[in-house]
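What follows is calculated from the coordinates using simple rules that are stated; it is not laboratory data. Please read these numbers as outputs of a predicted model, since none were measured by experiment. Note that we place each Cβ from the backbone using ideal geometry, even for glycine, and neighbour counts take in every protein chain shown.
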Amino acid sequence: MTREFTIVFQPYGRRVSASKDTNLLEAARSAGITLRSVCGGKGGCGKCKIIVQKGSVQFNYDPKEKLLTDEELKEGYVLACLTFPMSDCEVFIPPETRLEGQKIQMEAKVPKVIPEPAVKKVFVKPTQLADKAGNQLEKLLYFVGVESFPEHVQEKLKAMPECCPEGATLIIRRYGGEVEVLGLEEGNTTNRLFGLAVDIGTTKIVAYLVDLTTGEILGYESGYNKQLMYGEDVVSRIGYTMEKEEGTKKIQKAAVDTINELISKLTSKYQVRKEEIVDVCVAGNTVMTYLFAGKDASPLLDPGAKVPGHPLFLEAKDVELEVHEAARVYCLPCVSRFFGGDAIGDILASGMHKSPKISLLVDIGTNVEAVLGCESWFVTTTAAAGPAFEGWGIRFGTRAIEGAIDHVKIDPVTLKAEYRVIGNVKPKGICGSGLIDLLSEMFRNGIVDSLGKINTELKTPYIRQGIDGYEYVVVPAEKTAIGKDIVITEKDIANLIDSKAAACSAIGVLLKKMRLSVYDIEQVFICGAFGNYLDLNSAIAIGLIPELPNARITYLGNGSVAGAYLTLVSVKYRYEAEEIARLTTYFDLLKDPDFMDEYTAAYFLPGKKDLFPTWWEASRKIKRS
């Protein structure tokens, strides 16, 4: 029998038993603790840092990987995914490894809509069924528009004068030419009809509780997607489903458990019974949609994978959602392996599918999704720009959690950084919006050149030689929550430029395909949590987004959940979503001959001259010494 050791995780004080064959990342998961793990526990990202304070462990680490600094190794840092207990242990999880307090974008710019939900209620008076010969039941069938009632409903209706003396309410679903009776409730409950709109993000899940009779959003809740414990990126999660027995089921359950927790919070807060939620609409990227539906997502790893551009319908009880037993889940259609229902939701929320103006929609997250088009056509593409902006490959990079620096300004005289921290606490890292601000400020102030190289000629204490080459000190150790200088290195800057180049080249490819210039774009829609906190001037300064001189900028917030809401409240929006999917042409950058030209040109700050007509010239005049 394999011996079990007791592992104590601090500062939470949680205990869990684990064998010598279980790494400490898995042990933390079993204790209900989610650690940063971009690579999903494969030893590739170096983010699951912990400190073993008591006990002995086996740390299977190759120093050549340089995932930990010499200083961290001396302080006793190990990587949880590569560490196995050899005795009872006490482990401390440092602030930079904890995944908590993240800024989650729940709000969205939602257009007004006249409610026309797929599920409605019809009140039946007792007198409508007083005829025992059964004629009234036939009239009711005609009135409701169905061919027959389920047997249990039919029996209740026949006995209604006795069992429901005040009448009863039928719950009816009409969609796609089908009409179904979902159930019957005693009395007149026509004013109690609720639905759930859900955005299943890679990192977070957001849920709106909606009154389907009025279209009012009663409230919203959000939480970390429990799938995070299987990896922060979609490839790691697909890998888990392929490597582990019942991996797909576990991944699906993680998302469903998260949604059920949000349902419990919402129904408790707004005095709604779970069984009163009769319809659910879900938006997510293609991988998230597949994993939530319990579908095999491994084919999506194939560049040639074909994705049917139609919505998925699921029975809520089959995926174990805690709502009405006959409720159905509508998943917004996905266009390609990287362009999913969340992007369709963005388009719905923007209204660009109803406008003759040429519009650009950009959703910056783990991937950058770009849509160019108007009422009659859409061209789209995606770029893997997110890893660096999510903190992967950046020494002090982190998600937008409490303690993350999210905005930066540099004094042009002293070259000292001034910053803002989420939660107004001591900083422990820099999140995506902070990294973009920081690189922008360094470029504007001559600290880095157009290739991202630090100017060592400047006389300032904030520039120094580090283990990864030259680096700029953002926050000195005594002012941080981690007891270390927070710096940005030339290696970090190279990773940021790589990510921004991928994003900008995606937009550049679409403009080139349609033979359009930056002057032709009339509307720009910025979506997603990252985009909502993004300083657009900083994004343009580093070349993440092109200059668009004639465009009106609109921030949509969480367009994915807005799209789910629209399809929940009105079946017309479901048909629109499906029409958008049919009208959309997707360009796979991995196969596109224009991509490498655009990417190479974007590997400079800010980028191609024709994408930055005024800033390109101005940036060449910045003093570098």
So what is the relative contact order of the chain, in percent, for Cα pairs below 8 Å that sit 6 or more residues apart?
13
What list do you get for TYR565, TYR290, TYR419 if you sort them by fewest beta carbons within 10 Å?
TYR419, TYR290, TYR565
Of the residues GLY304, THR241, ALA388, the Cα lying farthest along the dipole of the chain towards its positive end, which is defined by charges on the beta carbon of Lys, Arg, Asp and Glu, belongs to ALA388
If you stretched the chain out fully between ASP257 and VAL425, how much longer would it get, using 0.36 nm times the residue separation minus the C-alpha to C-alpha distance?
57.4 nm
Plugging the Cβ-Cβ distance of LYS591 and LYS125 into 1/(1 + (r/R0)^6) at R0 = 60 Å yields, to the nearest 0.05, a FRET efficiency of 0.45
Inverse of mean 1/r across different Cα pairs in the stretch 388-496, Kirkwood, Å
13.5
Sorted by chain and then number, the residues having a modelled amide H within less than 5 Å of the amide H of GLY201, at least 5 places away or on another chain, are VAL206
For the stretch 439-552, size of Cβ-based charge dipole, Lys and Arg +1, Asp and Glu -1, in debye
240
What is the dipole size for the chain, taken about its Cα centre, with +1 at each Lys and Arg Cβ and -1 at each Asp and Glu Cβ, in debye to the nearest 20?
1020
Please give the FRET efficiency for LYS354 paired with SER87, using the beta carbon to beta carbon distance and R0 = 51 Å, rounded to the nearest 0.05.
0.20
Packing-based order for 55-64, 346-355, 292-301, using average beta carbon neighbours within 10 Å, highest first:
346-355, 292-301, 55-64
Trypsin sites (Lys or Arg not before Pro) in the stretch 453-484 lying in a DSSP loop, each with at most 10 other Cβ atoms within 10 Å of its Cβ, come to LYS459
Potential lengthening between ASN550 and ARG515 on full extension [0.36 nm per residue; Cα-Cα distance subtracted]
10.9 nm
Can you tell me the order of 511-517, 88-94 when each peptide is scored by its average per-residue count of other Cβ atoms within 10 angstrom, highest first?
88-94, 511-517
Hey, can you rank 211-217, 200-206, 174-180, 468-474 by average C-beta count inside 10 Å, highest first?
200-206, 468-474, 211-217, 174-180
Just rank MET596, MET442, MET288, fewest to most, by other beta-carbon atoms within 10 angstrom.
MET596, MET442, MET288
Going toward the positive end of the dipole of the chain, with +1 on Lys and Arg Cβ and -1 on Asp and Glu Cβ, which of GLY201, CYS48, ILE430 do you reach last?
ILE430
Hey, which lysines would be in cross-link range of LYS112, C-alpha to C-alpha under 20 Å, not counting anything within fewer than 8 residues on its own chain?
LYS120, LYS354, LYS572
Distance between the C-alpha centers of the stretch 249-295 and the stretch 437-452? Whole Å please.
43
Quick one: Karplus J couplings for the stretch 237-245, per residue in order, coefficients 6.51, -1.76, 1.60, θ = phi - 60°, nearest Hz, x for Gly and Pro?
6, 4, x, 5, 5, 7, 8, 9, 5
Which three lengths, in whole Å and largest first, does the stretch 266-353 cover when its Cα atoms are put on their principal axes?
47, 32, 19
Express the relative contact order of the stretch 232-353 as a whole percentage, based on alpha carbon pairs under 8 Å and six or more residues apart in sequence.
27
All lysines inside 21 Å of LYS459 as judged from Cα atoms, apart from same-chain residues fewer than 8 positions distant:
LYS409, LYS416, LYS621, LYS623
With charges only on Cβ, +1 for K and R and -1 for D and E, what is the dipole size of the stretch 234-310 about its Cα centre, in debye, rounded to 20?
160
Measuring from the longest principal axis of the C-alpha atoms of the chain, the long axis of helix 341-350 (C-alpha) lies at a number of degrees, nearest 10, equal to 90
For a Förster distance of 60 Å, can you work out the FRET efficiency between the beta-carbons of GLU275 and LYS459, rounded to the nearest 0.05?
0.30
What GluC sites (Glu not before Pro) does the stretch 533-625 have in DSSP loop regions with at most 12 other beta carbons within 10 Å?
none
Evaluate the Kirkwood expression for the hydrodynamic radius of the chain, namely the inverse of the mean inverse distance over all pairs of different C-alpha atoms, and round to one decimal in Å.
26.3
Once GLN10 and GLU116 are pulled to full extension, the length gained, defined as 0.36 nm per residue separation minus their Cα-Cα distance, is 33.1 nm
